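J.: Take a look at the following structure, please.
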Amino acid sequence: MTVFQLAADYLMSPLYARLFDHLETSYDITNVVYVSTRQRNPIVTSEDITKRDVFVCPKLFSVMDRLLFFPKQQFLYNDASKLMSEFNIDIIHAHTLFSNGWMAYRLKRKYDIPYIVAVRSTDVYTFFRRMPHLRKLGLRVLCSADIVVFLSSTLRNVLENKYIPDEYRALVSSKSIVIPNGIDPLFIENKWESHKKISDTVNVIFIGRIDKRKNLPVLVKACDIINNQGRKVHLKVIGNIFDSKIAEFALSHQYVEYIPFSSPQKIIGHLRSSDVLVVPSLRETFGLVYAEAMSQGVPVIYSCGEGFDGQFADGEVGYAVDPHSPDDIAEKINKVICNHGRLSENCISLVDKFDWRNISSRYFSVYDSIVNRQEWIR
């Protein structure tokens, strides 16, 4: 089976390469990758690219090009269409709804090739919310897709309830599924198996960008509340600083320890010495850091209504919080400590949901069902 992978950010994220690697080695999938966004400092190496057929759009788009959606899309469509005669494509996988999905929609109409489309936070919070003139286009892509994939049920609910008209909601919902991203295999291979013991000091860890969106100041205020309750807190903050004022505020507290962003190996060590991960983001696409923490038996506290919320029932591996409420965050940290043994064991037993082997298996099942159905119809 040959899959045409429309992955605009393939060069800038290891997520795509990990998925494609498993599809190729476990299911004999041939991936033909079309990259429509060119970055100057790609993360994916040339060695990774040589594993499969990767075609990068020859044009480096300007800011003005990116604002003019249709001329840019026409160029990409003309360029990508050249590959249709070179490869016998069975199915198209568009990894974004607008930037890649519109191309998939047009290719399906011309070549009668089925496609699945992924919906990401940018599609919802940038395109649907801020570009109302493109909503009909997005709806057309959703309705024509064979399967619509969401990273989280939260994102699915936001799109269906806010932006899908009533007459199309049942159609889109009927072919929508949730498949999360996977985490670095290193975390799965080094899962923490021992029982964690809570010390007198509550060891809280925050991992992420230090900026307004990640909402570190509210976590610091929550830790102040716990300290004032008579319980000692140590807050370890790991991440690159993008807002110096936020960093200064956090580091003005004696119990806060700052560590620049670290390698996965070091992150594992920091997680193992922590009792709870708290990242009360104001907006979250998915939040791989929560799944990474789970692999080390660390319960998680995440924002209600954001990316990770809905992956598990509340209270199964941690708790959802109001990211604007230090009191709520403090209460949930205390709740984690009271239920730590059960939560920690659940984290370890359930983290395989984010193993790329399991995720690639789900995608293969989707591909296979669509391709076989198409062959039967024809």
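The values are calculated or read from the model by the stated rules, or taken from the named source; none is laboratory data. Computed from a prediction, not measured in an experiment: that's the story for all the values here. Every residue, glycine as well, gets a Cβ built from its backbone with ideal geometry; the counts of neighbours run over all protein chains shown. Note: accessible area is taken over every heavy atom of the protein model, side chains too, but ligands, DNA and RNA are not part of it. Shrake-Rupley method; radii C 1.70, N 1.55, O 1.52, S 1.80 Å.
J.: Given springs between every Cα pair under 10 Å in a Gaussian network model of the chain, which of Thr126, Thr30, Thr96 has the largest fluctuation?
T.: Greatest mean-square fluctuation among the candidates belongs to Thr126.
J.: Continuing with the same structure: Leaving out same-chain residues fewer than 8 places away, which aspartates and glutamates sit with a Cα under 12 Å from that of Lys353?
T.: Once the sequence-local aspartates and glutamates are set aside, what remains near Lys353 is Glu292.
J.: Still on this model: For every helix of n ≥ 4 consecutive DSSP H residues, a contribution of -39,500 (n - 2.57) applies; sum these over the chain, divide by its total residues, and give [θ] at 222 nm rounded to the nearest 500 deg cm²/dmol.
T.: Computed mean residue ellipticity for the chain: -13000 deg cm²/dmol.
J.: Could you check which residue among Asn339, Asn100, Asn228 shows the biggest mean-square fluctuation in a GNM of the chain with a 10 Å Cα cutoff?
T.: Asn228
J.: In whole Hz and in residue order, list the ³J(HN,Hα) couplings for the stretch 82-99 that follow from phi through the Karplus curve 6.51 cos²θ - 1.76 cosθ + 1.60, θ = phi - 60°; x for Gly and Pro.
T.: These are the phi-based 3J(HN,Hα) values: 4, 7, 5, 7, 8, 10, 8, 7, 9, 7, 10, 10, 8, 8, 9, 6, 8, 4 Hz.
J.: Residues with beta-carbon under 13 Å from that of Pro323, excluding Pro323: net charge, scoring Lys, Arg +1 and Asp, Glu -1?
T.: Combined, the nearby Lys, Arg, Asp and Glu give 0.
J.: For the stretch 238-318, state which chymotrypsin sites (Phe, Trp or Tyr not before Pro) are in a DSSP loop and have at most 16 other beta carbons lying within 10 Å of their beta carbon.
T.: Sparse-neighbourhood loop chymotrypsin sites (Phe, Trp or Tyr not before Pro): Phe242, Phe261.
J.: Let me ask something else. Could you provide, to the nearest whole Å², the per residue accessible area of the stretch 170-273 with probe 1.4 Å?
T.: Spelled out: the 1.4 Å probe surface of the stretch 170-273, per residue, equals 51 Å².
J.: I would also like to ask the following. Determine the dipole magnitude for the stretch 277-378: charges of +1 sit on the beta-carbon of Lys and Arg, -1 on that of Asp and Glu, nothing else is charged, the reference point is the Cα centre, and the result goes in debye to the nearest 20.
T.: It works out to roughly 400 debye.
J.: Can I ask one more? Rounded, prolate or oblate: which fits the stretch 240-290 when a ≥ b ≥ c are the square roots of the eigenvalues of the alpha-carbon gyration tensor, with rounded for a/c under 1.5 and prolate only if a/b beats b/c?
T.: oblate
J.: Not counting the cut sites, what is the longest span of the chain without GluC sites (Glu not before Pro) that DSSP labels loop and that have at most 13 other Cβ atoms within 10 Å?
T.: Counting only loop sites that pass the neighbour cut-off, the longest clear stretch is 194-378.
J.: Still on this structure, I have one more. In the stretch 54-147, what trypsin sites (Lys or Arg not before Pro) fall in a loop by DSSP, with at most 16 other Cβ atoms inside 10 Å?
T.: Passing both the DSSP loop test and the Cβ count: Lys59.
J.: Sorted from largest to smallest, which semi-axis lengths in Å does the alpha carbon gyration tensor of the stretch 194-295 give for its equivalent ellipsoid, taking the root of 5 times each eigenvalue?
T.: Largest first, the stretch 194-295 gives 19, 19, 12 Å.
J.: Here's something else I'd like to know. Which one of Gly307, Val237, Val279 is farthest out on the positive end of the charge dipole of the stretch 237-317, using unit charges on Cβ (Lys, Arg +1; Asp, Glu -1) and the Cα centre as origin?
T.: In the stretch 237-317, that residue is Val237.
J.: Let me ask something else about it. What residues have an amide H closer than 5 Å to that of Val202, excluding those fewer than 5 places away on the same chain, when H is modeled at 1.01 Å from N in the peptide plane?
T.: Here Lys232, Val233, His234 satisfy the definition.
J.: What size of dipole, in debye to the nearest 20, comes out for the chain about its Cα centre when the only charges are +1 on Lys and Arg C-beta atoms and -1 on Asp and Glu C-beta atoms?
T.: 980 debye
J.: Under the rule of at least 5 residues apart or a separate chain, name every residue whose amide H is placed under 5 Å from the amide H of Val54.
T.: Close amide H contacts, sequence-distant or interchain: Val33.
J.: Now for a different question. Once a ≥ b ≥ c are taken as the square roots of the eigenvalues of the Cα gyration tensor of the stretch 223-378, is the result rounded (a/c under 1.5), prolate (a/b larger than b/c) or oblate (a/b not larger than b/c)?
T.: prolate
J.: Can you tell me the 0 to 90 degree angle between the C-alpha axis of helix 101-111 and the longest principal axis of the chain, rounded to 10?
T.: For 101-111 against the chain, the angle is about 20 degrees.
J.: Determine the percent antiparallel among the DSSP beta bridges restricted to the chain, to the nearest 5.
T.: Counting only bridges with both partners in the chain, antiparallel ones make up about 0 percent.
J.: Along the stretch 350-360, what does the Karplus equation 6.51 cos²θ - 1.76 cosθ + 1.60 (θ = phi - 60°) give for ³J(HN,Hα), rounded to whole Hz, x for Gly and Pro?
T.: Working through the residues one at a time gives 9, 5, 4, 4, 9, 7, 4, 5, 6, 5, 5 Hz.
J.: If you take the charge dipole of the chain about its Cα centre, with +1 on Lys and Arg Cβ and -1 on Asp and Glu Cβ, which of Leu19, Ser174, His340 is farthest toward its positive end?
T.: Sorting the options by dipole projection puts first Ser174.
J.: Let me ask something additional. Most fluctuating residue of Ser360, Ser194, Ser274 in a GNM of the chain with Cα springs under 10 Å: which is it?
T.: Of Ser360, Ser194, Ser274, the most mobile in the Gaussian network model is Ser194.
J.: Here is a follow-up. Determine the alpha carbon to alpha carbon distance for each of Lys212/Lys332; Lys162/Lys266; Lys162/Lys212 and list only those over 30 Å.
T.: Lys162/Lys266
J.: Karplus couplings for the stretch 341-349 from phi (6.51 cos²θ - 1.76 cosθ + 1.60, θ = phi - 60°), rounded to Hz, Gly and Pro as x?
T.: x, 5, 4, 4, 5, 4, 4, 5, 6
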